[in-house]
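Undergrad: The structure follows.
The values are calculated or read from the model by the stated rules, or taken from the named source; none is laboratory data. Since we're looking at a predicted model, the values are computed, not measured. Quick reminder, even Gly has a Cβ in these numbers, built from the backbone with ideal geometry, and neighbours come from all protein chains shown. Protein only, heavy atoms only, side chains kept; ligands, DNA and RNA dropped before computing areas. Shrake-Rupley method; radii C 1.70, N 1.55, O 1.52, S 1.80 Å.
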Amino acid sequence: SRRRIVYRCAHILCSKQSDGSTVLSLSSILNVLDGIKPLDDIVIFMTTNLIDKIDPAILRKGRTDDIIEIRALTTDGVNKYLRYSFGDDAGIDFDISIKGCDLQAVIIDNKQDVNAVKRELLEKYRK
């Protein structure tokens with residue numbers, strides 16, 4: 001099962017310390033990426049908010065094939081997201097820049113009330 005695979009990966013990557021804590025080491029991550037066995041038909045997604053803090057050994061070609069930066073949503077992206085979530089009439093008509101996770105939080109915090117979402121976006125995220 002998938003749960004067993006995740007557990008096995010975590011178990012392989014983490015080493016137990018004398019105090020009982022576990023540590024994930026760079027060499028463990030590199031061993032998984034380089035692999036003893038080929039990772040045929042397996043895609044690994046790595047995400048971070050701090051790419052400049054990632055060790056260059058992880059990001060080198062052969063270990064990381066593509067780096068895709070997902071930037072903040074602008075008005076067009078927000079409108080697509082709102083229309084997908086609430087229907088065709090849910091767009092906004094002002095300039096905005098917001099991270100996708102922040103937009104989702106606004107929607108959840110406002111209990112999916114489209115008018116409350118629009119008000120908060122206008123008050124907090126309008127350019």
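Condition check ((1) surrounded by 13 or more Cβ atoms within 10 Å (Cβ to Cβ); (2) modelled with pLDDT of 85 or more; (3) assigned to a loop (DSSP other than H, G, I, E, B); (4) under 18 Å from the mean Cα position of the chain (by Cα)) across all residues:
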site: S28; (1), (2), (3), (4): yes, no, no, no
site: V32; (1), (2), (3), (4): yes, no, no, no
site: D41; (1), (2), (3), (4): no, no, yes, no
site: T64; (1), (2), (3), (4): yes, no, yes, yes
site: R71; (1), (2), (3), (4): no, yes, yes, yes
site: N79; (1), (2), (3), (4): yes, yes, no, no
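Undergrad: Further question on the same structure: How many residues are within 18 Å of D34 (Cβ to Cβ) and open to solvent by less than 100 Å² (accessible area, probe 1.4 Å) when one looks only at segment 44-55?
TA: Filtering segment 44-55 for residues within 18 Å of D34 (Cβ to Cβ) gives 44-46, 54-55.
From what is left, the residues that are open to solvent by less than 100 Å² (accessible area, probe 1.4 Å) are 44, 46, 54-55.
Number satisfying all stated conditions: 4.
Undergrad: Report, by residue number, each residue of segment 95-115 that is open to solvent by 20 Å² or more (accessible area, probe 1.4 Å) and within 20 Å of K127 (Cβ to Cβ). Talk me through it step by step, then tell me what you get.
TA: First, the residues of segment 95-115 that are open to solvent by 20 Å² or more (accessible area, probe 1.4 Å): 95, 97, 99-102, 104-105, 108-115.
Residues satisfying the conditions are D95, S97, K99, G100, C101, D102, Q104, A105.
Undergrad: Residue pairs, Cβ under 6 Å, 6 or more apart or interchain, first in segment 46-64 and more than 19 Å from C101 (Cβ to Cβ), second in a helix (DSSP H, G or I) and modelled with pLDDT under 85. List them.
TA: D55/L26; R63/L33
Undergrad: A further question on this structure: Considering segment 116-127 alone, what residues qualify as being loosely packed, with under 13 Cβ neighbours inside 10 Å and either touching a Gly at 6+ places or on another chain (Cβ under 7 Å) or in contact (Cβ under 8 Å) with a residue 24 or more places away in the chain (or both)? Walk me through it before giving the result.
TA: Just the residues of segment 116-127 that are loosely packed, with under 13 Cβ neighbours inside 10 Å, to begin with: 123-124, 127.
Across segment 116-127, the qualifying residue is only K127.
Undergrad: Taking only segment 94-127 into account, find how many residues are of a type in the set (D, E, K, R) and in contact with a Ser or Thr (Cβ under 8 Å, 6 or more places away or on another chain). First the steps, then the outcome.
TA: To start, the set of residues in segment 94-127 that are of a type in the set (D, E, K, R) comprises 95, 99, 102, 109, 111, 113, 118-120, 123-124, 126-127.
Among the residues that remain, those that are also in contact with a Ser or Thr (Cβ under 8 Å, 6 or more places away or on another chain) are: 95, 127.
Qualifying residue count for the region: 2.
Undergrad: Here's something else I'd like to know. Taking A10, is it at pLDDT 75 or above, open to solvent by less than 100 Å² (accessible area, probe 1.4 Å) and within 30 Å of Q104 (Cβ to Cβ)? Explain how you work it out, then say what you get.
TA: On the way: at pLDDT 75 or above: no; open to solvent by less than 100 Å² (accessible area, probe 1.4 Å): yes; within 30 Å of Q104 (Cβ to Cβ): yes.
The answer is no for A10.
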